[in-house]
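Asker: Structure provided below as structure tokens; questions to follow.
The values are calculated or read from the model by the stated rules, or taken from the named source; none is laboratory data. These figures come from a predicted structure and were not determined experimentally. Glycine gets a Cβ as well: all are built from the backbone with ideal geometry, and neighbour counts include every protein chain shown.
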Amino acid sequence: AIEAALRLAVAEEQFELHFQPQVALPAGRLTGFEALIRWRHPLRGLLSPALFLPVAERLGLMRRIGGWVLREACHVAASWPGGLQVAVNISPCQFEDGALPATVATALEESGLPAHRLELEVTETVLLASGDSALVQLQALRDRGVGIAMDDFGTGHSSLTQLRVFPFDRLKIDRSFVKDLPAGDDAMAIMRAVTGLGRSLGIAVTAEGVETEAQLRALLAEGCDAAQGYLFGRPVPGCQVPAVIAAL
Ligand code: C2E
Ligand code: MG
Ligand code: MG
């Protein structure tokens, strides 16, 4: 049933993007938004990506969905005040046919969004699964001026190795590490190590899932560059972005 419904959803574009603010520290200045997909299911309402993206990947629908996400995110972001960025999550299968740079180029050209206002978020599995081809595509995108961030940093098996393989512009420290700040000694140690690593390598570091003032204080004490989380704002539909821009 899910399979049939999902195929129909792709055909009818029953998806929407929500946008979560990203801020620069220490001041908390708004720098942009991460685009997060939702499925507006005709009967079940709004479904989160964890529920349907794994199925979409298995059915080979992810390239079409990912292409839609790129076009839609660039289109919406082009209307935001200059300087604000949009971050788009890219799934490993979007690297399989080697066409990601072309897909991104088309999305940028059709929307008029300058390349430096787009950042792609990939997880380290991309470089593990798709190897050299993914590397070549990421390099081409970066040469064009698109930012490349490593998402969920620290959760995989070879995060550090990946840093030597590709010059990422940003590391996003996974929420699982932020969650236990500031009480957890190990969480503090890991946060300190990652912010130090970013500083030494000249890579910006964003903390994901910041929910409390106490977590923010711990991040500020370590000189973390940027943050994202419910403390600053939940994901909102595109039409509510102007209100968030006005408020933050
Ligand atoms: P992600 O890229 O790591 O995105 C962050 C997730 O954490 C989002 O969940 C966001 O709503 C949630 N989050 C943000 N701040 C907080 C917080 O303070 N507390 C808590 N508890 N959660 C927070 P969401 O939207 O359900 O997305 C889940 C994952 O699905 C994303 O993780 C990303 O890996 C994937 N995803 C979402 N949209 C897309 C897309 O368009 N394409 C691809 N390939 N993957 C996507
Ligand atoms: Mg992400
Ligand atoms: Mg993440």
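Asker: What are the pairs, 6+ residues apart or on separate chains, where a residue within region 142-168 that is assigned to a helix (DSSP H, G or I) has its Cβ under 6 Å from a residue that is modelled with pLDDT of 90 or more?
Answerer: As it stands, the answer is 142/148; 159/153, since those pairs meet every condition given.
Asker: Filter the helices (runs of 4 or more DSSP H) completely within region 174-248 down to those with at least 2 residues that are away from ligand 2 (no atom under 16 Å from the Cβ) and either under 21 Å from residue 32 (Cα atoms) or not hydrophobic (A, V, I, L, M, F, W, C) (or both).
Answerer: 185-201, 213-221, 241-247
Asker: While we're on this one: Can you spot a residue in region 112-124 that is over 17 Å from the mean Cα position of the chain (by Cα), more than 16 Å from ligand 1 (Cβ to nearest atom) and among the charged types (D, E, K, R)?
Answerer: Checking region 112-124: not a single residue is over 17 Å from the mean Cα position of the chain (by Cα), more than 16 Å from ligand 1 (Cβ to nearest atom) and among the charged types (D, E, K, R).
Asker: In addition: Does residue 152 meet the test of being out of contact with any Phe, Trp or Tyr (no Cβ under 9 Å at 6 or more places or on another chain) and away from ligand 3 (no atom under 16 Å from the Cβ)?
Answerer: So residue 152 fails the test.
Asker: While we're on this one: Out of all the residues in region 30-79, which are assigned to a strand (DSSP E or B), without any contact (Cβ under 8 Å) to a residue 24 or more places away in the chain and more than 11 Å from ligand 1 (Cβ to nearest atom)?
Answerer: Matches in region 30-79: 45 only.
Asker: In region 1-20, what count of residues is obtained for those that are of a type in the set (A, V, I, L, M, F, W, C) and part of a helix (DSSP H, G or I)?
Answerer: 8
Asker: Quick check: anything in region 145-158 touching a Gly at 6+ places or on another chain (Cβ under 8 Å), crowded, with 18+ Cβ neighbours inside 10 Å and not charged (D, E, K, R)?
Answerer: First, pick out the residues of region 145-158 that are touching a Gly at 6+ places or on another chain (Cβ under 8 Å): none.
Checking region 145-158: not a single residue is touching a Gly at 6+ places or on another chain (Cβ under 8 Å), crowded, with 18+ Cβ neighbours inside 10 Å and not charged (D, E, K, R).
Asker: Next question, about the same structure. Might you check whether a residue that is outside any helix (DSSP H, G or I), among the hydroxyl-bearing types (Ser, Thr, Tyr), buried (at least 18 other Cβ atoms within 10 Å of the Cβ) and within 13 Å of ligand 1 (Cβ to nearest atom) occurs anywhere in region 84-96?
Answerer: Yes: region 84-96 contains one or more residues that are outside any helix (DSSP H, G or I), among the hydroxyl-bearing types (Ser, Thr, Tyr), buried (at least 18 other Cβ atoms within 10 Å of the Cβ) and within 13 Å of ligand 1 (Cβ to nearest atom).
Asker: Just name the residue that is nearest to residue 198 (Cα to Cα) out of those in region 95-149 that are of a type in the set (Val, Ile, Thr) and within 16 Å of ligand 3 (Cβ to nearest atom). Give the derivation first.
Answerer: So in region 95-149, the residues of a type in the set (Val, Ile, Thr) come out as 103-104, 106, 122-123, 125-126, 136, 146, 148.
Restricting the remaining residues to those that are within 16 Å of ligand 3 (Cβ to nearest atom) gives 122-123, 125-126, 148.
Numbers: 122: 17, 123: 17, 125: 20, 126: 20, 148: 14 Å.
Top of the filtered list is 148.
Asker: Continuing with the same structure: Just wondering, is there one or more residues in region 227-244 that are buried (at least 17 other Cβ atoms within 10 Å of the Cβ) and more than 19 Å from the chain's Cα centre (by Cα)?
Answerer: Scanning region 227-244, I find no residue that is buried (at least 17 other Cβ atoms within 10 Å of the Cβ) and more than 19 Å from the chain's Cα centre (by Cα), so the answer is no.
Asker: Within region 36-60, which residues are more than 21 Å from residue 96 (Cβ to Cβ) and out of contact with any Ser or Thr (no Cβ under 9 Å at 6 or more places or on another chain)?
Answerer: 40, 41, 42, 43, 44, 45, 46, 47, 48, 50, 51
Asker: Which of the residues belonging to region 139-161 are within 16 Å of ligand 1 (Cβ to nearest atom) and touching a helix residue (DSSP H, G or I) at 6+ places or on another chain (Cβ under 8 Å)?
Answerer: Filtering region 139-161 down to residues within 16 Å of ligand 1 (Cβ to nearest atom) leaves 141, 146-156, 159.
Listed by number, the residues that qualify are 141, 146, 147, 148, 150, 153, 154, 155, 156.
Yes/no matrix, rows are residues, columns are (1) of a type in the set (Phe, Trp, Tyr); (2) within 21 Å of residue 93 (Cβ to Cβ):
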residue: 9; (1), (2): no, yes
residue: 28; (1), (2): no, no
residue: 33; (1), (2): yes, no
residue: 45; (1), (2): no, no
residue: 48; (1), (2): no, yes
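Asker: Just to be sure before I move on: is residue 190 within 16 Å of ligand 3 (Cβ to nearest atom) and over 26 Å from residue 54 (Cα atoms) in the structure I sent?
Answerer: So residue 190 fits the description; yes.
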